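J.: Sharing a structure below in C-alpha cells format, with a few things to ask.
The values are calculated or read from the model by the stated rules, or taken from the named source; none is laboratory data. Bear in mind the structure is a predicted one, so any value in this text is a computation, not a measurement. Note that each Cβ is placed from the backbone with ideal geometry, even for glycine, and that neighbours are counted across all protein chains shown. Surface accessibility is based on the protein's heavy atoms, side chains included, excluding ligands, DNA and RNA. Shrake-Rupley method; radii C 1.70, N 1.55, O 1.52, S 1.80 Å.
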Amino acid sequence: MRRKRCHRPFCGGGKKNAGGDHGMTAKEYMKQAQRLLRRIDRKQKEADALRQKLSFPKSPAYSDLPKPVSPESHTVESGVSQILSLEEEVKTAKKELEALKAVFDTAIKAVTDTEHHDILAKRYLEFKDWNQIAEEMGYSKPSCYRLHREALAGMKS
C-alpha cells in the first residue's frame, strides 16, 4: 500500500515531520514540474507541426491514371481533430503545473527572509537555473546553494 503524501511542500520527503505527515521534497517538486514543462513543450511542438503540415496543400499529381481511393479521405478533418486534442492536453498539463506551483507559492510566501524568499521563488516558481539565479542576485553559485539550503531548512522547521 502506498503512503499518502500531504499537500504541504518541503515537509520532509517521506520522513515524518513534527506533525506526523509527509510531503513532497524540493527535488520531487522540480522533477514533476520539469516533466510537466517538457510535456507541454512536446505537445505544443506536435500541434505546430500538424498545423504546418495542414497549411501547405499537397501538389497535384498529374496523371492519366484514375485516382486511387484513399483509405482516409478526411486528412484535414482528422488533422484538425488531432490539433484540438493536443491543445486540450496542453491546457490540462498547464492547469496541473499551475496547481503545483500554487502549493509551492503559498509555502514560499510564508518565508520572511527576503533573500530566502527570492532564491526559492526564482528556483521553484520561475524555474531558473543556478547560473541565472546567481547572476540576478549578485552571488556566486556556491553562495546561492548555501542560501537555498538555509531557505529549505527554514521551511521544514
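J.: Would you confirm, using the coordinates I've provided, whether residue 86 is part of a helix (DSSP H, G or I) and under 23 Å from the mean Cα position of the chain (by Cα)?
T.: Yes, satisfied.
J.: Hey, can you tell me all the residues within region 74-110 that are open to solvent by 30 Å² or more (accessible area, probe 1.4 Å), touching a Leu at 6+ places or on another chain (Cβ under 9 Å) and either closer than 26 Å to residue 26 by Cβ or not hydroxyl-bearing (Ser, Thr, Tyr) (or both)?
T.: Once the filter is applied, which keeps residues that are open to solvent by 30 Å² or more (accessible area, probe 1.4 Å), touching a Leu at 6+ places or on another chain (Cβ under 9 Å) and either closer than 26 Å to residue 26 by Cβ or not hydroxyl-bearing (Ser, Thr, Tyr) (or both), region 74-110 yields 76, 80, 82, 94, 96, 101, 105.
J.: Could you please tell me which pairs satisfy a Cβ distance under 9 Å, a separation of 6+ or placement on different chains, a first residue in region 126-142 that is touching a residue at least 24 places away in the same chain (Cβ under 8 Å), and a second residue that is open to solvent by 60 Å² or more (accessible area, probe 1.4 Å) and not in a loop (DSSP other than H, G, I, E, B)?
T.: Short answer, once both residue conditions are applied: 127/34; 127/37.
J.: Run residue 13 past the list (1) modelled with pLDDT of 90 or more; (2) touching a Ser or Thr at 6+ places or on another chain (Cβ under 7 Å) and report the number of the one that doesn't hold.
T.: Every listed condition holds for residue 13 apart from (1).
J.: Further, regarding this structure: From the set of residues in region 111-138 that are open to solvent by 80 Å² or more (accessible area, probe 1.4 Å) and assigned to a loop (DSSP other than H, G, I, E, B), which is nearest to residue 97 (Cα to Cα)?
T.: 126
J.: If you take the residues in region 23-65 that are within 22 Å of residue 97 (Cβ to Cβ) and in a loop (DSSP other than H, G, I, E, B), which one is modelled with the highest pLDDT?
T.: Going through the qualifying residues, I end up with 25.
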